[in-house]
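Right, one structure below, let's go through it.
The values are calculated or read from the model by the stated rules, or taken from the named source; none is laboratory data. All values reported here derive from a predicted model rather than from experimental measurement. Positions of Cβ are generated from backbone atoms using ideal geometry, with glycine treated the same way; all protein chains shown enter the neighbour counts. Accessible surface is based on the protein model in full, side chains and every heavy atom, while ligands, DNA and RNA are left aside. Shrake-Rupley method; radii C 1.70, N 1.55, O 1.52, S 1.80 Å.
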Amino acid sequence: MSSVTTGKSNGVRLDWLAGALIVLSPLAFSTRIENSFGLPRMLIVALAAIFGAGHLTAWAWTSPGTVRRAWLARVWPILAWLAWSTLTTVLQHRDLTAMSALGFVWVCVLPALALAAGTLTPANRRTLLALAVCMGGAQSLYALLQWMQWDPLFGHATAQMPAVQASQRVMGTIGYQNTLGEYLALLLPTACWLAASAPGRRSRMTWIALAASMVLAILLTRSRGAIGAACVGGVATLALTAHPRSPTRPARFWSRRIALPATIGLVLLLAVGVMTRREGDLALHHRLQQAVDTRSAAWQQRELIWLATVRMVPGHLLSGRGLGAVARDYLDQLADALHSPAHAHRRPYALNVRETHNDYLQMLAETGVVGMGLWLIVLGTTLRQLGRSALAGSIAAFMVAGLVSFPLHVQPVAPLFWMLVGLGLGAAPASSPPMPPRPLHPLWGLALVPLLLAGAAVLYGDRLFLHGRTAADAGRLEESRRSYARAERFQPFNPRLRFFHGTAHLAAGRPAEALAAFQTATKGGFTDLNLWRSEARARLDMDQPDAAVVLLRHAAATGLRPDDVYPELASALVRAGDPQAAVAALQQTRLYATETELASCVIARDLITQRRIAETIALLTPLAASPHSRPEERADVLELLGSALMMNGDYAGAERHLSEADHIHANNTSILNNLGAALHLQGRTTQAMATWQRVLRLDPTNDIARRNLHAIGVP
């Protein structure tokens, strides 16, 4: 083990192959517009984890005890944190959400543990880092093309969505602009190190160009967390890698080596500021101003997310709630937080999220004080062992990004972070001597067969899933239901798929099957506002209004989508026999929303049928006074309000509202019949007769107008 094999040797290094797969995983395209869920990328990372585990097993089997103990001394904080996270998750929750989060952590950490063995040569490590920086440069160039609205891969998708802003198009093949910014910020210190240590002028300028393209792409994403992380990582790299030229003449911190990247960064900052100056709130200077303005919507939204997450901590202070707890329990905690009068004013800033936008707070909620302490030890010991390595700048950038985002919980940032940690620990002075390449044993092929089959099944199921969603959007409900049913054969434990299958059953008029699918999705750890709303509709279709009211009250308490939830809650309350609560529910939403007016008309008709006239008038009067209504809905509101006023004895008020409804929706026989009745009850028989005769000219078969004319003596 003490000698290094030289010359050519047939075989591959499994640890290097695991790192290369992580570096190349962003090539598995993922975009939130096409909703591909990143499954191909996750399978690549899982394959890297298998190679890493295989290398670690072979290395541990053939290495002496002193080498294994040296490796254990380097990685014991990681092993302790991993064991604690696994224990607290398995003991508390074993649903798909928890197991998916736990599996994601394991497949990210295993390659890092293999790389931390230190069996790679310095040339191998540099090649791996250079490959990662080249991938970052490719992502940056592609993001620049996307910003220029020339997207050869996803242009057809963004072209169909005019609401997609310029910054939201800058996502590379990663799928989200903030994630792209954090990914590049993590690689930027390494790019600076490669540029500083390049042997020739030409290669140095190449690495500088790649680093500059990364800076440009980070600025174009307008991700404030990524910009802050890039600044901290760049400064930390320049500070950590500064070294004396000679023992007697130390290098000054501010020199040409520092001035060049600083100048490039300032020039790119000004250039992006000029390029985005006409984009309103998305302009770079506006985004940077909002980063320090605690009254901005972004800060208010994050504060509310953090508040809901903090509420998860007290009940599980030591152990936490287990990995995946935020995705599962966030909406419940958000509803409880907004139920308090002290936080009711935050309702407009409510968001439905699956991560906390603060890695440290999410770590505290999911793994408790013990897990949080172990995680801080992981970061501290890693920085200490990296010393003045350029990778320490990447770790610093990652730590800063974790303050306002969730890079530890998203791919491809998390696998890349762990790979850099493994490379840094593996380059420590006490690392193992480099190992020669080993030929792949034929049994590796057999070991990969189950993974490949599982991957093919998942990808095919995902294709059926997306086909079902496309068919549902096009109104082909039966085709959509069949696609979901076939997809469940390949993804039997996917709760999100069960939810969409339930919506297909609900649209097809099968509430019992829909309810069973929704309950299965809930047991799988899937939590979503639309799940509660859909289950409430199924309950109503099954004549269970009380259960629907409970679900919708919980959905309304989250403060999310009030214009949709409150009208549905009001309808359920009327079905449950509580119209007064329905009126109160509608008063919580915006009066100019079309959904509110439609739901109010339905409720008003039910109230009129029950002869609850005063409540009908109280419900419809604010809507009739609103100037934001669409004409069709406003005419319905005015007609119902006029009818209620007439039944309440206010004939003049009824005439006024019915006349306005007739002006909006002329020649409507129902409005004219009621208007004629209001005129007749005021003793204006001639005008009433003319109104009913107008009805008969429009509809000679109208029995109501004929009976009314006969009642006043007109044949």
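Helices (runs of 4 or more DSSP H) wholly in the range 117-175 with at least 1 residues that are within 15 Å of Pro412 (Cβ to Cβ) and modelled with pLDDT of 65 or more - which ones?
Of the helices (runs of 4 or more DSSP H) lying wholly inside the range 117-175, those with at least 1 residues that are within 15 Å of Pro412 (Cβ to Cβ) and modelled with pLDDT of 65 or more span 122-147.
Looking at (1) in a helix (DSSP H, G or I); (2) open to solvent by less than 40 Å² (accessible area, probe 1.4 Å); (3) closer than 29 Å to His343 by Cβ; (4) modelled with pLDDT under 80, find the lone condition where Phe526 falls short.
For Phe526, the exception is condition (1).
To keep it simple, each residue is scored yes or no on (1) modelled with pLDDT under 90; (2) part of a helix (DSSP H, G or I); (3) of a type in the set (Asp, Glu).
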| residue | (1), (2), (3) |
| --- | --- |
| Ala342 | yes, yes, no |
| Val353 | yes, no, no |
| Glu366 | no, yes, yes |
| Met372 | no, yes, no |
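Could you pull out the residue among Ala512, Ala517 that is in contact with a Lys or Arg (Cβ under 8 Å, 6 or more places away or on another chain) and at pLDDT 85 or above?
Result: Ala517 is the single residue among Ala512, Ala517 that is in contact with a Lys or Arg (Cβ under 8 Å, 6 or more places away or on another chain) and at pLDDT 85 or above.
Look through Arg634, Arg656, Arg706 and report the one residue that is part of a helix (DSSP H, G or I) and either more than 52 Å from the chain's Cα centre (by Cα) or of a type in the set (Ser, Thr, Tyr) (or both).
Arg706
Within the range 181-233, can you find the residues that are outside any helix (DSSP H, G or I), more than 23 Å from Trp147 (Cα to Cα) and open to solvent by less than 40 Å² (accessible area, probe 1.4 Å)?
Those that are outside any helix (DSSP H, G or I), more than 23 Å from Trp147 (Cα to Cα) and open to solvent by less than 40 Å² (accessible area, probe 1.4 Å): Ala198, Gly200.
Which pairs have Cβ atoms under 9 Å, sit 6 or more apart or on different chains, and link a residue in the range 321-345 that is hydroxyl-bearing (Ser, Thr, Tyr) to one that is at pLDDT below 80 and outside any helix (DSSP H, G or I)?
Pairs that qualify, where the first residue is hydroxyl-bearing (Ser, Thr, Tyr) and the partner is at pLDDT below 80 and outside any helix (DSSP H, G or I), are Tyr330/Asn352; Tyr330/Val353; Tyr330/Arg354; Tyr330/Thr527.
Could you please give the count of residues in the range 64-102 that are over 21 Å from Leu379 (Cα atoms), of a type outside the set (A, V, I, L, M, F, W, C) and open to solvent by 30 Å² or more (accessible area, probe 1.4 Å)?
The number of residues fulfilling the criteria is 7.
Just to be sure I understand, how many residues within the range 691-703 are open to solvent by less than 50 Å² (accessible area, probe 1.4 Å) and either over 15 Å from Asn667 (Cα atoms) or in a helix (DSSP H, G or I) (or both)?
Looking only at that region, the number is 4.
For Asp359, which of the numbered conditions (1) within 26 Å of Ser394 (Cβ to Cβ); (2) surrounded by fewer than 21 Cβ atoms within 10 Å (Cβ to Cβ) fails to hold?
(2)
Within the range 470-523, count every residue that is in a loop (DSSP other than H, G, I, E, B) and over 21 Å from the mean Cα position of the chain (by Cα).
8
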